[in-house]
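None of the figures in this text is laboratory data; all of them are computed from the coordinates on show. Keep in mind that what you see is a predicted model, and the values were worked out from it rather than measured. Here Cβ is always computed from backbone atoms with ideal geometry, including for glycine, and neighbour counts include all displayed protein chains.
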Number of protein chains: 2
Amino acid sequence: MEKVPRFMYFGCLVTSMILNLVFLMNLYGGGQWKVISWSRQAAEYAEAVEAIPCSGHGRAYLDGLVVDGEQPVCECNSCYGGSHCSDFLPDCVADADSGDPIFLEPFWMQHAANSALLVAGWHRMSYRFSDQSYISQVLEMHIRKLHAKVGNAVTDGRFIVFGAGSIQLLNAAVFALSQNSSVSPAKVIASAPYYAVYKAQTELFNSVNYKFAGDTSLWQNNTSDNTTKFIEFVTSPNNPDGKLNKAVLHIENAKTIYDHAYYWPHFTAIPAPADEDLMLFTISKSTGHAGSRFGWAIIKDEAVYQRMQSYVGYNTMGVSRDTQLRALKLLSVVLEGEGREIFEFAYNTMRQRWERLSNILSMSKRFSLQKIAPQFCSFFQKVRGPSPAYAWLKCEKEEDKDCYSVLIAANINGRAGSVFGAEDQYVRLSLIKSQDAFEILLDKITNLVAKEEGTKSM
Amino acid sequence: MEKVPRFMYFGCLVTSMILNLVFLMNLYGGGQWKVISWSRQAAEYAEAVEAIPCSGHGRAYLDGLVVDGEQPVCECNSCYGGSHCSDFLPDCVADADSGDPIFLEPFWMQHAANSALLVAGWHRMSYRFSDQSYISQVLEMHIRKLHAKVGNAVTDGRFIVFGAGSIQLLNAAVFALSQNSSVSPAKVIASAPYYAVYKAQTELFNSVNYKFAGDTSLWQNNTSDNTTKFIEFVTSPNNPDGKLNKAVLHIENAKTIYDHAYYWPHFTAIPAPADEDLMLFTISKSTGHAGSRFGWAIIKDEAVYQRMQSYVGYNTMGVSRDTQLRALKLLSVVLEGEGREIFEFAYNTMRQRWERLSNILSMSKRFSLQKIAPQFCSFFQKVRGPSPAYAWLKCEKEEDKDCYSVLIAANINGRAGSVFGAEDQYVRLSLIKSQDAFEILLDKITNLVAKEEGTKSM
């Protein structure tokens, strides 16, 4: 047998050791000496699905339909099609209807490692946490910390109830506040323009204890009726117009539910921490996870808290532990770096969108936007311009009474003013959807304004 | 420099190459060439938490409290304590109260790799799936496939609605079936012993359209009233006594809600696929994931389906996408191998528990158990003995009228008969909790029976 030269052994050894080093770094990256075993398959699959190419105009999901082959299909943004979402559909309708908070998706893509979550098959199978509640104590602590950092709500000495989105808590709150109102049902009211669900939900559930009773202004001067309880919904900032509303009714038998879904630094200046008796928040409009269905109520009165807990208990036995785990992971990312990163990202996105839309519409005589004054924000520690979630567009001309139809004729799908209990001269346009959706909306609006006779110089 | 002998180079090279091979197998195990990047941190953390030692009598969770140091604490099974759940607390109460389905936890531990799920930070942020519904089509297909494999329900041509556990769907179903009943509210009824939530939920939500009206037997001979609608809850197998109940009321204005939460091969023989107008199922009692809050309704009538969808929409905007993703993962594991593995594991566990409990109580004159006859099961294709979820224990002696108190005096916490609208001579004992809980329960019952005067020879 011929002898192998020593330098060849040496060369092979060095190569092999370098390879070992590469493997080591891959296997134990992050400085921790952990081998991934039972969680490997799930991690690999998630990364494989994430890598499915959808041209930047769509996304594949773990639970997506599998049509051909073994991979879930691309789900395309509106106005894009094709198996990889690469086809632009120029004649499609710009969808500015729903309040889908997809504008935050890029933030979570940028924080993929921190925000990923591995759920074991045996995670929290029980109905209850070890303290016998339906509520994760750790998540509750994260929520209190979040409000302290953002400065948008007082939570000290308050009770917290979780809900499947704030929508479940709307009715839970009405339920709790209407106790002992079976003889004379409590009147549920809101100031137009208001979020349509307040009315629709209250009417659908048709309780003995409460009824929807229309616009708050109808009851403002009704001070003679001391037996009927009033439950006033106050949305601040308001959906659709972004105003920092306050309660209108100031009588002893009136209770207020403050819907603060949009009271986050990306949608509004935060003048001071909210400090009302009953306040609702949600991750839908803060982290952008509308699909996760997670909201919370902050409550001063213990009896109201107990009733709301009871409602959520008998309605759904609390919020899914899977959802609570996800919310915890997301909020822990938000809290990293004092919460500045997500709110700066989100504010910059919303502010730019508003400025671009405002610039175009400033040239129009036919359409106008709501006015929101710049205001000092205690979170950003500066005066900041408006960045609302929605444009509350008004058709200014007499003949454009049906503003929704005017827009739909230009391939723009908004939400009609009458949905919010307001005039149909108004339309809500959602500004919080994907960047694709916003660009298409802006494009259609630009064309519409350009067609106006006597448009101010474009 | 002295020359290194050739054999030493050779030895090092072989060692290094073996190491390479080990790394390769670790890194690319499973035959796929994928490097884990952004999901690594989540996978490592999940495995680190799984590895926290809790002596086999408890578990640490990702969202557990962190008291000292950086790791979540062990949450101990009842009757165990200490920081690692290694202390047995001999004087503690055997907890057989709740229907926590922890008996299935070992199955999921054994299927760790298949049932793990990695959720990306951007997973399904939207309110809706791409078909604009709140329902995962893929999950719906899995559910239909599951029923076909198990043979416990007909789903062809039926509609499916998802709920946050079947508890949300109970009220959704009552709501849907009571349409147009505002003049004369529908009467919601159930045959004792019945699941307490039917009554409690209906009364708490206090709708104009329906009222709880007690035991079905009260209305059995009431055929004169054609204007009032009846909504009969039928639980099959029944909670608490495991009987395969059928509807009692057979009049035109009676509608039935079949609660089939327990209609799975581990709790009962499956004589034939259930084929009723409105049927409810849940993963709580099939995969054992009560904490995930996921159930579904199978519905014949399209109008009823629409109304139930409407209810779930305005109540919670559908079921959390996180929960739907988890349910999909779990059901995909159940469906592997035609669903035999989980149901055999679960049946064997429940059957053994029932046999051991029956053996002990067969020696008692003071306590008796419900009788369930062996029956042919179309899933297992054989006659099989009883394996119910609960023991419906009766105190046989006149002086033991308050059976709950008799048991609590022996450190056994069950659920009193009156909770189920039945006599307090009965107590429900949960047999579906952890093995620890069952062993402690059995131990306390053995002692109790041993103390009887004139016990048949032990």
How would you rank A:Val208, B:Val14, B:Val334, A:Val419, going from fewest to most other Cβ atoms within 10 Å of each one's own Cβ? B:Val14, A:Val208, A:Val419, B:Val334
Among A:Pro101, A:Ala303, A:Ala391, whose Cα projects farthest towards the positive end of the dipole of chain A, with charges put on the beta-carbon of Lys, Arg (+1) and Asp, Glu (-1)? A:Ala303
Any DSSP H helix in chain A with Cα axial reach of 18 Å or more and mean Kyte-Doolittle score of at least -1.0? Listed by number, the hits are A:6-27, A:137-150, A:165-177, A:302-316, A:321-335, A:340-361, A:435-450
Each residue of B:208-214 has, on average, a number of other protein chain C-beta atoms within 10 Å of its C-beta equal to 2
Given Cβ point charges of +1 (Lys, Arg) and -1 (Asp, Glu) and nothing else, what value in debye, to the nearest 20, does the dipole of region B:137-337 about its Cα centre take? 420 debye
Charges at C-beta only: +1 for Lys and Arg, -1 for Asp and Glu. How large is the resulting dipole of chain A about its Cα centre, in Debye rounded to 20? 1040 debye
Rounded to 5, the percent of DSSP beta bridges in region B:181-296 classed as antiparallel: 10 percent
Just want the answer: with Cβ charges of +1 for Lys and Arg and -1 for Asp and Glu, which residue in B:Val67, B:Trp38, B:Ser78 is farthest toward the dipole's positive end in region B:34-86? B:Trp38
With unit charges on the beta carbons (Lys and Arg positive, Asp and Glu negative) and the dipole taken about the Cα centre of the protein assembly as shown, which residue among A:Ala409, A:Asn152, B:Leu146 sits farthest to the positive side? B:Leu146
Taking each label point as 7 Å beyond Cα in the direction of the beta carbon, state the distances from B:Glu453 to the same residue in the other copies, shortest first, in nm. 10.9
Could you pull out every one of the aspartates and glutamates with an alpha carbon less than 19 Å from that of B:Lys397, ignoring same-chain neighbours closer than 8 positions? B:Glu423, B:Asp424, B:Glu452, B:Glu453
Between copies, how close do the B:Phe7 label points come, placed 7 Å along Cα→Cβ, listed in nm from shortest? 2.6
For the pair B:Asp156 and B:Glu203, how long in nm is the line joining their label points, each one 7 Å along Cα→Cβ? 4.4 nm
Assign one of three labels to chain A, namely rounded, prolate or oblate, based on the Cα gyration tensor with a ≥ b ≥ c the square roots of its eigenvalues; rounded applies when a/c is under 1.5, prolate when it is not and a/b is larger than b/c, and oblate otherwise. oblate
Computed E for B:Glu344/B:Gln435 - FRET, C-beta separation, R0 22 angstrom, nearest 0.05: 0.80
If r is the Cβ-Cβ distance from A:Ser368 to B:Asp301 and R0 is 56 Å, what FRET efficiency results, to the nearest 0.05? 0.70
When each of A:Lys246/A:Lys394; A:Lys149/B:Lys329; A:Lys246/A:Lys285; A:Lys199/B:Lys285; B:Lys246/B:Lys382; A:Lys371/A:Lys433 is checked by Cα-Cα distance, pairs over 26 Å: A:Lys149/B:Lys329; A:Lys199/B:Lys285
For peptide A:7-20, what's the mean number of Cβ atoms from other chains within 10 Å of each residue's Cβ? 5
Scoring only Lys, Arg, Asp and Glu (+1, +1, -1, -1) among other residues with Cβ under 15 Å from the Cβ of B:Ser207 yields +4
Calculate the mean, over all residues of peptide A:98-109, of how many other protein chain Cβ atoms lie within 10 angstrom of the residue's Cβ. 3
Check: region B:34-86 dipole with +1 on Lys, Arg Cβ and -1 on Asp, Glu Cβ, in debye: 180 debye
Quote the relative contact order of chain B in percent (integer), defining contacts as alpha-carbon pairs under 8 Å separated by 6+ residues. 18 percent
Once you measure Cβ to Cβ distances between cysteines in the protein assembly as shown, which Cys have no partner under 4.7 Å? A:Cys12, A:Cys377, B:Cys12, B:Cys377
Using Cα-Cα distances under 8 Å and only pairs 6 or more residues apart, what relative contact order does region B:137-337 have, in percent? 29 percent
Chain A, helix-only ellipticity at 222 nm - DSSP H runs n ≥ 4, -39,500 (n - 2.57), divided by all residues, nearest 500: -10500 deg cm²/dmol
For A:Phe230, other-chain or 5+-apart residues with amide H closer than 5 Å (H placed, Pro excluded) are A:Lys187, A:Ala254, A:Lys255
Rounded to a whole number, the Stokes-Einstein D of region B:316-373 in µm²/s (Kirkwood radius over Cα pairs; 4 °C; 1.567 mPa s) is 88 µm²/s
What stretch of chain B, leaving out the sites themselves, is the longest with no trypsin sites (Lys or Arg not before Pro) in a DSSP loop having at most 16 other Cβ atoms within 10 Å? B:35-245
Separation of the B:Asp277 and B:Lys149 label points, Cα + 7 Å toward Cβ, nm: 3.2 nm
Can you give the FRET efficiency to the nearest 0.05 for A:Lys246 and A:Glu423, using r as the Cβ-Cβ distance and R₀ = 22 Å? 0.45
Across chain B, where is the longest run that never hits GluC sites (Glu not before Pro) in a DSSP loop with at most 13 other C-beta atoms within 10 Å? B:71-251
Under the classification rounded if a/c is under 1.5, otherwise prolate if a/b is larger than b/c and oblate if not, where does the protein assembly as shown fall, given a ≥ b ≥ c as square roots of the Cα gyration tensor eigenvalues? oblate
